[in-house]
Amino acid sequence: MSLVGINSKPVTCDHWIGGEPKTPVSGRYREVISPYTGSAIGKVALGSKADVDAAVAAAQKAFPAWRATPVKERAQLLFKFRELVLANLDELAHLAASESGKTHGEARAEVLKGIEVTEFALSLQNSDSGGIMDVSRGVSCEMRREPLGVVAGIVPFNFPAMVPMWMYPIAIALGNCFVLKPSEKVPLTSQRVARLTKEAGFPDGVFSLLNGTREAVEALIDHDLVKAVGFVGSSPVALDVYKRATARGKRALCLGGAKNPLIVVPDADEAITVRGVVDSFTGCAGQRCMAASLMIAVGDVDHLIGKIRKTAAELPVGPGMGAIVDKGALDRIHRHVDDAEKAGAKIIVDGRKVKAPAGHEAGYWFGPTIIDHARPDMACAREEIFGPVITIVRAKTLAEAMAIDAGNPFGNATSVFTTSGAVARYVADHSASGMIGVNIGVPVPREPFSFGGTKSSKYGHSDITGESSLDFWSDLKKITVKWSPQSDASWMS
Ligand code: NAD
């Protein structure tokens, strides 16, 4: 495996403010560790209030000219940016894989998904034309979108390219200036992206990077000129960020964690189900908010569980499945599996003693793991483990399965594996999750359909992509006009 900083020079990730790199005012940095090797591949700036002030000031300075730039011109820059991202696809994937632990193929796929959101954003020049209507004699109403000003995005480690791209292309296309706070664990990809925005011709200050941790996030939320906060990360932090931003009168959309169930019924197609379940819980080593982490086995599906078990046990870590992001995350996953075993569940595929790929023994590895015969009230069936671990609970009926789904504190996704249209329809109608899959283990909607969950998987209104996101990143202005005098009286006269 070829890795940034292992086979090349370590990278310094500074802020990106006013169209150029800026060292942190405090002079503080922390190491960036590759999950593949456990060793440093770079260092990242730790932002403080002074850096936030500088980033927001640069963004605010750029805002008047950017909001006055016609949407068709903004879209041209996004076109250019899209071309540059595609031209640098392998390099971006290489950075994202090296810092997050996913495989190169998974990292390429996430960049391409980010491109899809960029394409949606640049299509706004033709689709989001607002509206005008004669609402009374001689009176018209017009509605148009207005940008908010400086807006911020705070993002997690697990999709260094894609999750930021859920936000900034749309926010920027709508005329906002965007400040991105990447995860301190994975700052390398965003740093490369910042340079691509410059190459694409984005005016200085339209896209900024503010690196750091909680201190930087809180200063960003508290800044008076930051008008909206998009957040993606774990649920407790999502809720804190939501409360902090809304208490200051800002709009906030905060996506949190997940515990996505796959409901498997006896008539499910064997090949589709086995592949769907295994790929869902092992893809990105289970470190994605759309990974299945709970399987609700309805009735007798032991023949399918046997095949799932065999397929998962044969998956090699390294080439087939990437690494866990850091030591803390690895310890958490171990703890969850140990606790499940102590609570009486059976570990039928055990990734705890996985063999690291040769040459990467100091990396953070955990093999595919299946916890069977768990009760729905066990922690392994309710809490987000965020590793390549699936917990199986048994249900006698579909109604019982739906009751378990309803009791899920999270609401990102629920999938059903079945060959019956009626069963599929029943699950889609009755699940409270925001995204439903039928025979799909990772039911991520594609643009223009929007991405977003419910319950503690999302705090705030609207979704983070698609049509629904437009209302989050803009205000609707209504202009009511009367020019000609009217002889007949009306409510408008
Ligand atoms: P995290 O919550 O630890 O961090 C997310 C961001 O918040 C990072 O930029 C981090 O620097 C910052 N942060 C961390 N602690 C903070 C605090 N106390 N105050 C303010 N900011 C803080 O999440 P993570 O470990 O980077 O990412 C994994 C989590 O993200 C999982 O729970 C996963 O389900 C979730 N996630 C959700 C979605 C979704 O669409 N719902 C998508 C991807 C990831």
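The values are calculated or read from the model by the stated rules, or taken from the named source; none is laboratory data. Note that the structure is a prediction, hence the values are computed from the model and not measured. Cβ placement follows ideal geometry from the backbone for every residue including glycine, while neighbour counts extend to all protein chains displayed.
With 107, 54 as the choices, which residue is part of a helix (DSSP H, G or I) and crowded, with 21+ Cβ neighbours inside 10 Å?
Details: 54 fails: crowded, with 21+ Cβ neighbours inside 10 Å.
On inspection, the qualifying residue turns out to be 107.
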Could you tell me whether any residue of segment 182-205 is within 12 Å of the ligand (Cβ to nearest atom), touching a helix residue (DSSP H, G or I) at 6+ places or on another chain (Cβ under 7 Å), part of a loop (DSSP other than H, G, I, E, B) and within 25 Å of residue 76 (Cα to Cα)?
-> no
Segment 344-360, residues that are without any contact (Cβ under 8 Å) to a residue 60 or more places away in the chain and surrounded by 15 or more Cβ atoms within 10 Å (Cβ to Cβ) = 345, 347, 348, 349, 350, 351, 354, 356
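Go over the candidates 440, 404, 436 one by one and state the one that is within 19 Å of residue 295 (Cα to Cα) and free of Cβ contacts under 8 Å to residues at least 40 places away in the same chain. Spell out how you get there, then give the answer.
Details: 440 fails: free of Cβ contacts under 8 Å to residues at least 40 places away in the same chain; 404 fails: free of Cβ contacts under 8 Å to residues at least 40 places away in the same chain.
Checking each option against the conditions leaves just 436.
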Please state which one of 285, 292, 329 is at pLDDT 95 or above and more than 18 Å from residue 97 (Cα to Cα).
-> 292
Evaluate segment 249-268: report whether one residue or more is in a loop (DSSP other than H, G, I, E, B), free of Cβ contacts under 8 Å to residues at least 40 places away in the same chain, small (Gly, Ala, Ser) and over 21 Å from residue 172 (Cβ atoms).
-> yes
Segment 136-177, residues that are in contact with a strand residue (DSSP E or B) (Cβ under 7 Å, 6 or more places away or on another chain), of a type outside the set (A, V, I, L, M, F, W, C) and either in a strand (DSSP E or B) or within 16 Å of the ligand (Cβ to nearest atom) (or both) = 140, 142, 144, 145, 146, 147, 153, 156, 164, 168
Could you list, in sequence order, the residues of segment 272-304 that are surrounded by fewer than 21 Cβ atoms within 10 Å (Cβ to Cβ) and either in contact with a Leu (Cβ under 6 Å, 6 or more places away or on another chain) or part of a helix (DSSP H, G or I) (or both)?
-> 272, 275, 279, 302, 303
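Just need a number here: residues in segment 213-243 that are in a loop (DSSP other than H, G, I, E, B) and within 7 Å of the ligand (Cβ to nearest atom).
Matching residues across segment 213-243 total 3.
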Complete set of residues in segment 94-112 that are closer than 27 Å to residue 124 by Cβ and either polar (S, T, N, Q) or in contact (Cβ under 8 Å) with a residue 60 or more places away in the chain (or both) = 96
Among (1) over 22 Å from residue 387 (Cα atoms); (2) over 18 Å from the mean Cα position of the chain (by Cα); (3) not small (Gly, Ala, Ser), residue 94 falls short only on (1)
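Residue by residue through segment 244-253, note down the ones that are surrounded by fewer than 23 Cβ atoms within 10 Å (Cβ to Cβ) and more than 11 Å from the ligand (Cβ to nearest atom).
As a first pass, look at segment 244-253 and keep what is surrounded by fewer than 23 Cβ atoms within 10 Å (Cβ to Cβ): 244, 246-251.
Within segment 244-253, 246, 247, 248, 249, 250, 251 meet the criteria.
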(1) modelled with pLDDT under 95; (2) surrounded by 15 or more Cβ atoms within 10 Å (Cβ to Cβ); (3) aromatic (Phe, Trp, Tyr) all hold for residue 426 apart from (1)
